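The values are calculated or read from the model by the stated rules, or taken from the named source; none is laboratory data. The structure displayed is predicted, hence computed values, not measured ones. Ideal geometry is used to build each Cβ from the backbone, glycine not excepted, and the neighbour counts take in all protein chains shown.
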Amino acid sequence: MIAPRSPVVQTGIRAASPLAVVVATYLFFAGHNQPGGGFAAGLVLGAVVALRMVTGMAVPVRADVLLAVGGVLAAVVAVAPLLLGQPLLDQVVVESTVPVLGKVKSGSAQLFDAGVAAIVVGLVLAVMNGLGVEQMADPPVPAQPEDDRSVREAGLAGGPAGSNSRVGGPGGGGR
């Protein structure tokens, strides 16, 4: 297994993380008309979170926060049309002209996808926490041996040959 605190692995993940975020952003915005969307973007972002957790790098958010925000956002977007007399999950599309990009369309489905992405990342984070990945990334440090003098004074260990260590006992004859 690769050492979780390996500088090579951590540098690779630091270099790949921004690229993965760009890919997730593309999937998120292209998902309405092409393959992708909130679920695919959430999986890519979840992979980044998982890699960061396995190597012991910081994860900036908690799973319960992502799950709550994603669930509330998706529920509000789903139920809001009912309050306006429209069917459940009805989409509202907004068009605007942006100077560099030209005509841009967006809709309430984008907000719903944002909620789905937050839920997916939150679930990946929760599963990783449940599996104890943080403890795997920080292996327990072996106990350091105590000072020989304090151990000898307590009578718990034998000293070098010729010292006044324990006399008798299993396997050690008397003097």
Exercise for review: Output the qualifying pairs, or none if there are none: Cβ atoms under 6 angstrom, residues six or more apart or on different chains, first residue in the stretch 54-76 and more than 19 Å from Ser108 (Cα to Cα) and in contact (Cβ under 8 Å) with a residue 12 or more places away in the chain, second residue β-branched (Val, Ile, Thr) and surrounded by fewer than 18 Cβ atoms within 10 Å (Cβ to Cβ).
Suggested key: Thr55/Val9; Thr55/Ile13
Revision key, fill the gap. Within the stretch 15-36, residues surrounded by 13 or more Cβ atoms within 10 Å (Cβ to Cβ) and part of a helix (DSSP H, G or I) come out as Ala16, Ser17, Ala20, Val21, Val23, Ala24, Thr25, Tyr26, Leu27, Phe28, Phe29, Ala30
Check your understanding: Out of all the residues in the stretch 57-66, which are modelled with pLDDT under 85 and of a type outside the set (A, V, I, L, M)?
Key -> Pro60
Revision key, fill the gap. Just one listed residue, out of Val49, Val9, Val69, is modelled with pLDDT under 90, surrounded by 12 or more Cβ atoms within 10 Å (Cβ to Cβ) and in a helix (DSSP H, G or I), and it is Val9
Study note, to complete from the structure: The residue from Val104, Val127, Val100, Val93 that alone is exposed (fewer than 14 other Cβ atoms within 10 Å of the Cβ), modelled with pLDDT of 85 or more, over 12 Å from the mean Cα position of the chain (by Cα) and under 23 Å from Leu73 (Cα atoms) is Val93
